[in-house]
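The values are calculated or read from the model by the stated rules, or taken from the named source; none is laboratory data. What you see is a predicted model, and the numbers here were worked out from it, not measured in a lab. For neighbour counting, all protein chains shown are included, and Cβ atoms are generated from backbone atoms with ideal geometry for every residue, glycine included. These area figures cover heavy atoms from the full protein model, side chains too; ligands, DNA and RNA do not enter into them. Shrake-Rupley method; radii C 1.70, N 1.55, O 1.52, S 1.80 Å.
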Amino acid sequence: MALAGLTAGLVHALSGPDHLAAVAPLALAGGRRWRAGLLWGAGHSAGLAAVAVAALTLRGLLPLEKLSSWSERLVGAALVAVGVWGLLKAFRGARRAAPPPAGAARAAFSIGALHGFAGSSHLLGLLPALALPAAASALYVGGFALGTVAAMGAFSSLVGAAAPRAAAAGRRAYPLLLGASSAAAVLVGGWWLVA
């Protein structure tokens, strides 16, 4: 069951353009690039766990659809904010990755948690757990969380590995890479705000 959950978590994390758009600018920012994805994945898992506990505990009492809708708007705003931050950094002529700001780790975790709260698509990945006995369900959910963290950690490592290569390729390559990933975050976030 843990392997099935792990696979579902990997697929879920890497199939969401909003997930990738949220992590790419943070991974390009510098420092330990893999950390942005790991923290985002941990936040996503924590947010998803909170939704699952609330849904099971307060079944029928919470307006989950309304909460999910508002969470999606917050995710959109967070994506736009990350994108604008990255665009500003790119336009200021950053030639290479610099250490991330002090709040970058907290931002990655928080944006991941917002993604865990938002939408219902992640619940589809957890539906199999509802039909399983308690122990198997716990293994599946644990595997799902681990898959999400591993996928986003790997993604941010790959994106982050492009930063020093871009910087070595020429003085314009890194700002273009950061600008492109940041513009994607603004576009995806804008879509979440209006959709």
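Some values worked out for this structure:
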read-out	value
Only listed residue being at pLDDT below 85, over 30 Å from Leu176 (Cα atoms) and not acidic (Asp, Glu), chosen from Arg33, Arg59	Arg59
Pair list, Cβ under 7 Å, 6 or more apart: region 105-131 residue surrounded by fewer than 17 Cβ atoms within 10 Å (Cβ to Cβ), other residue at pLDDT below 75	Ser120/Ser68
Residue tally, condition open to solvent by 30 Å² or more (accessible area, probe 1.4 Å) and either modelled with pLDDT of 85 or more or within 12 Å of Gly5 (Cα to Cα) (or both), over region 133-144	4
Val82 at pLDDT below 75 and part of a helix (DSSP H, G or I)	no
